[in-house]
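The values are calculated or read from the model by the stated rules, or taken from the named source; none is laboratory data. Keep in mind that what you see is a predicted model, and the values were worked out from it rather than measured. Counting neighbours? That spans all protein chains shown, and the Cβs are built from the backbone with ideal geometry, glycine included. The accessibility values were calculated without ligands, DNA or RNA, using every heavy atom of the protein model including side chains. Shrake-Rupley method; radii C 1.70, N 1.55, O 1.52, S 1.80 Å.
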Amino acid sequence: MVVLYAAGCRSCSKGSSLKPHITGNLIHDWWYGIQLNPQFMGIDLKFFFVRAGMMGWLIINLSVLAKSVQDGSLSQSMILYQLFCAFYILDYFVHEEYMTSTWDIIAERLGFMLVFGDLVWIPFTFSIQGWWLLNNKVELTTATAIANCFVFLIGYLVFRGANKQKHIFKQNPKALIWGKPPKVVGGKLLASGYWGIARHSNYLGDLLLALSFSLPCGLSSPIPYFYPIYLFILLVWRERRDEARCAEKYKDIWAEYCRLVPWRIFPYLY
């Protein structure tokens, strides 16, 4: 972190990815970072840390799975949790390019908050459900397991679909969305597909995925639900910051988009 902070302060780059953003507040600059996408020997450090965190999460989960097999306590709940997480993590690497249009990459600078989040928070807190299942036996009915799978599937389709639509739109604004020409506000903002349902529909998908990771643990304890609760707070905070940024950047275009798409994350609720 010291090297990252010092390199950012000394940067003379004028490019948007490496241009230093120094407020003069040491704590603020340390926490949020100075550069958007700093690099080391041609390696994008932001993606490097995310990849490390995701792989760490998978390794911890596999260790938990091995322990449950060794103890003879492997359950349907553990299998569902492991399958959902493994699919989500591996799918990230397959479709990583879709993440280049998300808030973390285009707006969040690389500081202590992101580095700690990637290397510590993701692997050690997102795996709480697995640790909890090692010491708590949960019996799921067939209907509950099927419902859990539907929550995961819907969450995945919304999360991955929304990010894909946004990424494709940025590459080709005329590309069809759900088989129809896209509706575009001011020539800049996509108001079709998932982005015509809610202004941050990808967050809705992410929250449903997080919930699906916890549902195999049942409802007897709030501990396995730490991840979705934390993620809900994080995404609402992030959505508020993104709304303020977009209002300043797009002005009247953003106001028109908000009129066309009034819902922030949850259609008809918020």
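Number of residues in segment 137-175 that are small (Gly, Ala, Ser) and within 15 Å of the chain's Cα centre (by Cα) equals 3.
Among the residues that make up segment 209-228, is at least one of them closer than 22 Å to residue 106 by Cα and either part of a helix (DSSP H, G or I) or open to solvent by less than 60 Å² (accessible area, probe 1.4 Å) (or both)? Within segment 209-228 (the criterion being closer than 22 Å to residue 106 by Cα and either part of a helix (DSSP H, G or I) or open to solvent by less than 60 Å² (accessible area, probe 1.4 Å) (or both)), the answer is no, since none of the residues qualifies.
Taken over segment 78-106, the residue count meeting the criterion of being open to solvent by less than 20 Å² (accessible area, probe 1.4 Å) and acidic (Asp, Glu) is 1.
Kindly indicate whether any position in segment 36-58 is assigned to a helix (DSSP H, G or I), touching a helix residue (DSSP H, G or I) at 6+ places or on another chain (Cβ under 9 Å), modelled with pLDDT under 80 and among the aromatic types (Phe, Trp, Tyr). No, there is no match, as no residue in segment 36-58 is assigned to a helix (DSSP H, G or I), touching a helix residue (DSSP H, G or I) at 6+ places or on another chain (Cβ under 9 Å), modelled with pLDDT under 80 and among the aromatic types (Phe, Trp, Tyr).
Of all residues in segment 247-270, those being without any contact (Cβ under 8 Å) to a residue 12 or more places away in the chain and either aromatic (Phe, Trp, Tyr) or open to solvent by less than 70 Å² (accessible area, probe 1.4 Å) (or both) number 4. Given the conditions (1) within 19 Å of residue 127 (Cβ to Cβ); (2) assigned to a loop (DSSP other than H, G, I, E, B), and given that residue 265 satisfies all but one, which numbered condition is not satisfied? All conditions are met except number (1). The condition (being hydrophobic (A, V, I, L, M, F, W, C) and open to solvent by 50 Å² or more (accessible area, probe 1.4 Å)) is satisfied by just one residue among 178, 195: 178. Taking segment 216-242 as the search range and keeping residues that are closer than 22 Å to residue 83 by Cα and aliphatic (A, V, I, L, M), which one is nearest to the chain's Cα centre (by Cα)? The residue in question is 231.
Is it the case that residue 156 is in contact (Cβ under 8 Å) with a residue 60 or more places away in the chain and either buried (at least 17 other Cβ atoms within 10 Å of the Cβ) or among the β-branched types (Val, Ile, Thr) (or both)?
Values: in contact (Cβ under 8 Å) with a residue 60 or more places away in the chain: yes; either buried (at least 17 other Cβ atoms within 10 Å of the Cβ) or among the β-branched types (Val, Ile, Thr) (or both): yes.
Against the criterion (in contact (Cβ under 8 Å) with a residue 60 or more places away in the chain and either buried (at least 17 other Cβ atoms within 10 Å of the Cβ) or among the β-branched types (Val, Ile, Thr) (or both)), residue 156 qualifies.
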